[in-house]
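Contents: one structure, followed by commentary.
The values are calculated or read from the model by the stated rules, or taken from the named source; none is laboratory data. None of the values given here were measured: they were computed from a predicted structure. We place every Cβ from the backbone using ideal geometry, glycine too, and count neighbours over all the protein chains shown.
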């Protein structure tokens, strides 16, 4: 009798579990989902199988392209349809996709209408990410697009997070390995140069939400970091440095520094030209101008950082600073190698149509 009662109890328990599993919505909702922790520390339930995604705010779509996952994109922000950013030049088919709203966040209704399985977003907060998720009913995964020179591990963590959601782990690992090997090779070749043999360098014309003149700089300019360059602006107080809002110096400070070599972000070349034309004292005081030691580098700040351009710039900077260590490097070929790895296509020619590409900027060509 006792055994019969035990059997009845077990049977009743099994039936109860079966009913609960069929009627409990929260249990059903976790079927086919996987939990990921995003870059804000939020735990997000995302579908195990992803077919469609949207990418919001600066840099998110770029990371998707890096992972060779363009096919998943179901819509893009309006600004992405009219740009010459490298990832768009490499994949113009993206501009034919439906618009999901304006830049820096899109429109919740348009996003929901495109029916993505997941939303990737950068430059957000826990509150904003949760609000968008609640409004659309679609999982929202927050990413980061940090400075390349000093927060590379954070970039890699973002790539790995997106790769986990999209089952692109192998691609992320390959790209990260390529980046580390490239930076390692730059360090190996440039670190043999004694500190007292390195020229002082400065980069001006850095773009921050638009073009700027010669006083716009980057104290931790990644190409200088990777090439072990003597960046004369690296002494600027870190509290005054922002890779989003920008870092600016006085013209008088540049005159005092008088760097041996000046690199100009070509997005700001016109404004740099105007700066020098308006300031005779500055123009005449800079030895880099007098002795044609100014060089153009590709713009890299456009809706956050184009990391592939930063890496290509690093090879050009290193070749300019230490020519004997880089005689085997054809910079255009190296740039296309890097662009191909990141974007799937070597687009150096298309990318430089408007800027003219890597070159010496003489007094006459300014």
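Residues in region 90-123 that are part of a helix (DSSP H, G or I), surrounded by 17 or more Cβ atoms within 10 Å (Cβ to Cβ) and within 19 Å of the chain's Cα centre (by Cα): 90, 94.
Quick check: anything in region 165-174 outside any helix (DSSP H, G or I) and modelled with pLDDT of 95 or more?
Yes.
Every residue, every condition in (1) modelled with pLDDT of 95 or more; (2) within 26 Å of residue 267 (Cβ to Cβ); (3) touching a helix residue (DSSP H, G or I) at 6+ places or on another chain (Cβ under 8 Å); (4) assigned by TED's automatic domain parsing to the domain that holds residue 145, yes or no:
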position	(1), (2), (3), (4)
57	yes, yes, no, yes
63	yes, yes, yes, yes
83	no, yes, no, yes
86	yes, yes, yes, yes
93	yes, yes, yes, yes
99	yes, yes, yes, yes
116	yes, no, no, yes
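What do you reckon, is residue 296 under 22 Å from the mean Cα position of the chain (by Cα), assigned to a loop (DSSP other than H, G, I, E, B) and in the same structural domain as residue 242 (by TED's automatic domain parsing)?
Working: under 22 Å from the mean Cα position of the chain (by Cα): yes; assigned to a loop (DSSP other than H, G, I, E, B): no; in the same structural domain as residue 242 (by TED's automatic domain parsing): yes.
Taking the combined requirement at face value, the residue does not satisfy it.
If you go through region 129-145 one residue at a time, do you hit one that is part of a helix (DSSP H, G or I), within 21 Å of residue 351 (Cβ to Cβ) and at pLDDT 95 or above? No, region 129-145 has no match at all.
Return a yes/no flag: does region 326-348 have any residue that is within 24 Å of residue 212 (Cα to Cα) and either more than 17 Å from the chain's Cα centre (by Cα) or not assigned by TED's automatic domain parsing to the domain that holds residue 247 (or both). Yes.
Looking at region 257-281 only, could you name the residues that are in a helix (DSSP H, G or I) and either modelled with pLDDT of 95 or more or crowded, with 18+ Cβ neighbours inside 10 Å (or both)? Matches in region 257-281: 257, 266, 267, 268, 269, 271, 272, 275, 276.
Filtering region 198-253 to residues that are in a strand (DSSP E or B) and surrounded by fewer than 19 Cβ atoms within 10 Å (Cβ to Cβ) leaves 200, 248.
Taken together, the criteria place residue 149 among residues that are within 30 Å of residue 255 (Cβ to Cβ) and assigned by TED's automatic domain parsing to the domain that holds residue 120. Exactly one of these conditions fails for residue 101: (1) out of contact with any strand residue (DSSP E or B) (no Cβ under 8 Å at 6 or more places or on another chain); (2) at negative phi. Give me its number. Residue 101 satisfies all of (1) out of contact with any strand residue (DSSP E or B) (no Cβ under 8 Å at 6 or more places or on another chain); (2) at negative phi except (2).
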